[in-house]
Amino acid sequence: MDRNYEVVVVGAGPSGSAAAESCAKAGLRVLLIEEQAHIGVPVQCAGLLSCSAFEECRVSTRSVLNTVSGATVKAGQASLSFDAGKIKAYVVDRSILDQEMGYAAADAGAEIQLKTQAYDLKINQHKILVRGSGGHEHIKYQILIAADGPRASIGRMAGLPRAPVYLSGLQCDLTSEVDQDKVAIYPNASPEFFGWVIPMGEGRARVGMCGITNVREKFDQFISGFGSQRVQFVSGTIPLGTLKATVAEGIMTAGDAAAMAKPTSGGGVYTGVRAARHAGAVAALACESGRTDPTFLSQYEKLWRSDIGKELKIGYVAFRYRQTISPADMEQIVSVMSSPDIRDLIVQKGDMDRPGRLLRSLLLHPSMYRAGGVVIKSAIRALTE
């Protein structure tokens with residue numbers, strides 16, 4: 001016999017748990033399924049959350065390993081460093097954070113089923129087929145919220161579009177003496193994106209990078225300068241590019257499953273959790289009204305696009321532009337940006353989650369005119385490639 005729920009959520013990362021909690025608090029019968037045996041494992045994230053992203057997760061500070069107040073950007077011989085003098089981001093243990101969000105969903109009334117994989121979808125019957133420790137099951141739903149990560153299996157089965165770009169990411173936790181107050185960014189370590197060093201606490205660092213081609217070779221070369229005592233190695237995929245559609249009959253997609261990672265940083269917790277809560281609100285309306293068609297669910301698209309869509313679009317334009325900047329040009333840009341007035345501007349207007357304001361201000365700043373030749377050359381390259 002089929003099991004019946006008003007809402008089924010696939011994927012127990014931050015987006016999925018937030019959606020499940022939101023729906024359960026609205027009084028809906030919710031099932032949250034996760035293919036892993038434990039929520040938060042394996043870790044596939046840099047674990048650097050802005051203050052806004054951390055607040056959106058609505059968790060305790062138990063997962064916090066360190067806090068940072070600034071950043072250093074290094075490209076060749078050029079270096080830019082700034083410090084806001086206050087906490088700007090949290091370095092977290094994502095497994096602990098994810099588990100706490102899962103507990104919150106359960107406390108709200110959501111049923112959680114681990115070690116369960118969705119392998120087929122009967123979209124017109126509002127039925128999902130799963131297999132796992134409980135064997136094979138058919139589960140019926142009114143609304144299905146897909147938060148199943150970069151693979152976006154539900155979206156593919158529903159015929160929704162794929163992300164235009166997929167980044168490959170590699171990261172190691174290791175023993176290394178680094179500045180504990182600042183994140184270090186190395187754009188030339190991976191010219192398609194960047195490399196990073198995140199301080200985890202005294203004597204520990206999280207070193208990683210994302211890119212599109214030859215990522216392992218670039219990563220091995222990059223990490224060789226930070227010690228050999230590697231404690232943990234993880235890999236992951238980051239989909240980028242706003243999708244044209246994130247709803248289908250009875251289905252809404254959120255987080256990495258909907259390519260909602262920020263193209264300027266690769267982070268997806270803030271955008272994914274905010275979108276998931278919008279999905280939860282629309283799911284409650286859909287179940288109340290009995291409307292599960294794409295036209296009704298388009299309310300969800302309007303909500304998330306109004307909230308985070310503009311920033312994702314601006315970020316994607318910046319990402320495409322970044323592909324045209326050579327290492328030499330990047331060194332010149334970082335050199336220009338190291339001036340005190342630019343540093344002050346970054347501290348004043350920098351926002352990890354909504355970078356559009358800072359990007360616009362930088363493009364209009366007089367000091368950036370010195371990099372005008374590089375900017376124009378890169379723009380021409382972007383237009384002709």
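Has region 134-153 got any residue that is of a type in the set (S, T, N, Q), at negative phi and within 18 Å of the chain's Cα centre (by Cα)?
Yes, region 134-153 contains at least one residue that is of a type in the set (S, T, N, Q), at negative phi and within 18 Å of the chain's Cα centre (by Cα).
Which pairs do you get when a residue that is more than 20 Å from Tyr270 (Cβ to Cβ), found in region 341-362, comes within reach of a residue that is open to solvent by 60 Å² or more (accessible area, probe 1.4 Å) and in a helix (DSSP H, G or I), reach meaning Cβ atoms under 9 angstrom, with the pair 6+ apart or on two chains?
Once the first residue is more than 20 Å from Tyr270 (Cβ to Cβ) and sits in region 341-362, its partners that are open to solvent by 60 Å² or more (accessible area, probe 1.4 Å) and in a helix (DSSP H, G or I) give Asp341/Pro366; Ser361/Gln348.
How many of the residues in region 186-211 are under 14 Å from Gln323 (Cα atoms), open to solvent by less than 10 Å² (accessible area, probe 1.4 Å) and without any contact (Cβ under 8 Å) to a residue 40 or more places away in the chain?
1
Residues that are closer than 22 Å to Ile346 by Cβ, at least 2 per element: which strands (runs of 3 or more DSSP E) completely within region 17-93 meet that?
48-50, 64-68, 70-75, 78-83, 89-92
Looking at region 79-95 only, could you name the residues that are out of contact with any strand residue (DSSP E or B) (no Cβ under 7 Å at 6 or more places or on another chain) and surrounded by fewer than 18 Cβ atoms within 10 Å (Cβ to Cβ)?
Gly85, Lys86, Ser95
Looking only at helices (runs of 4 or more DSSP H) that fall completely inside region 267-376, which ones have 1 or more residues that are under 21 Å from Ala245 (Cβ atoms) and either more than 20 Å from the chain's Cα centre (by Cα) or of a type in the set (Lys, Arg) (or both)?
Here the list reads 269-289, 294-304, 310-322.
What tally of residues in region 106-115 results from selecting those that are assigned to a helix (DSSP H, G or I) and either open to solvent by 40 Å² or more (accessible area, probe 1.4 Å) or touching a strand residue (DSSP E or B) at 6+ places or on another chain (Cβ under 6 Å) (or both)?
Counting residues in region 106-115 that are assigned to a helix (DSSP H, G or I) and either open to solvent by 40 Å² or more (accessible area, probe 1.4 Å) or touching a strand residue (DSSP E or B) at 6+ places or on another chain (Cβ under 6 Å) (or both) gives 2.
Just checking, which of Asp173, Asp179 is surrounded by fewer than 20 Cβ atoms within 10 Å (Cβ to Cβ) and at pLDDT below 95?
Asp179
Within region 272-308, restricting attention to residues that are of a type in the set (S, T, N, Q) and over 17 Å from Val8 (Cβ atoms), which residue is least open to solvent (accessible area, probe 1.4 Å)?
Only one residue fits best here, namely Ser298.
Determine whether Ala259 is out of contact with any Lys or Arg (no Cβ under 7 Å at 6 or more places or on another chain) and on the phi > 0 side of the Ramachandran plot.
The answer is yes for Ala259.
Scan region 63-78 for residues that are open to solvent by 50 Å² or more (accessible area, probe 1.4 Å) and under 19 Å from Ala205 (Cα atoms) and report the count.
Of the residues in that region, 2 qualify.
Take region 62-110 and flag every residue that is in contact (Cβ under 8 Å) with a residue 12 or more places away in the chain and of a type in the set (Ser, Thr, Tyr).
Ser63, Thr67, Ser69, Thr72, Ser79, Ser81, Tyr90, Ser95
Output the qualifying pairs, or none if there are none: Cβ atoms under 7 angstrom, residues six or more apart or on different chains, first residue in region 238-253 and modelled with pLDDT under 95, second residue surrounded by fewer than 23 Cβ atoms within 10 Å (Cβ to Cβ) and of a type in the set (D, E, K, R).
Pairs that qualify, where the first residue is modelled with pLDDT under 95 and the partner is surrounded by fewer than 23 Cβ atoms within 10 Å (Cβ to Cβ) and of a type in the set (D, E, K, R), are Thr242/Lys313.
The values are calculated or read from the model by the stated rules, or taken from the named source; none is laboratory data. Keep in mind it's a predicted model, so treat the numbers as computed, not measured. We place every Cβ from the backbone using ideal geometry, glycine too, and count neighbours over all the protein chains shown. Just the protein is used for accessible areas: all its heavy atoms, side chains included, with ligands, DNA and RNA removed. Shrake-Rupley method; radii C 1.70, N 1.55, O 1.52, S 1.80 Å.
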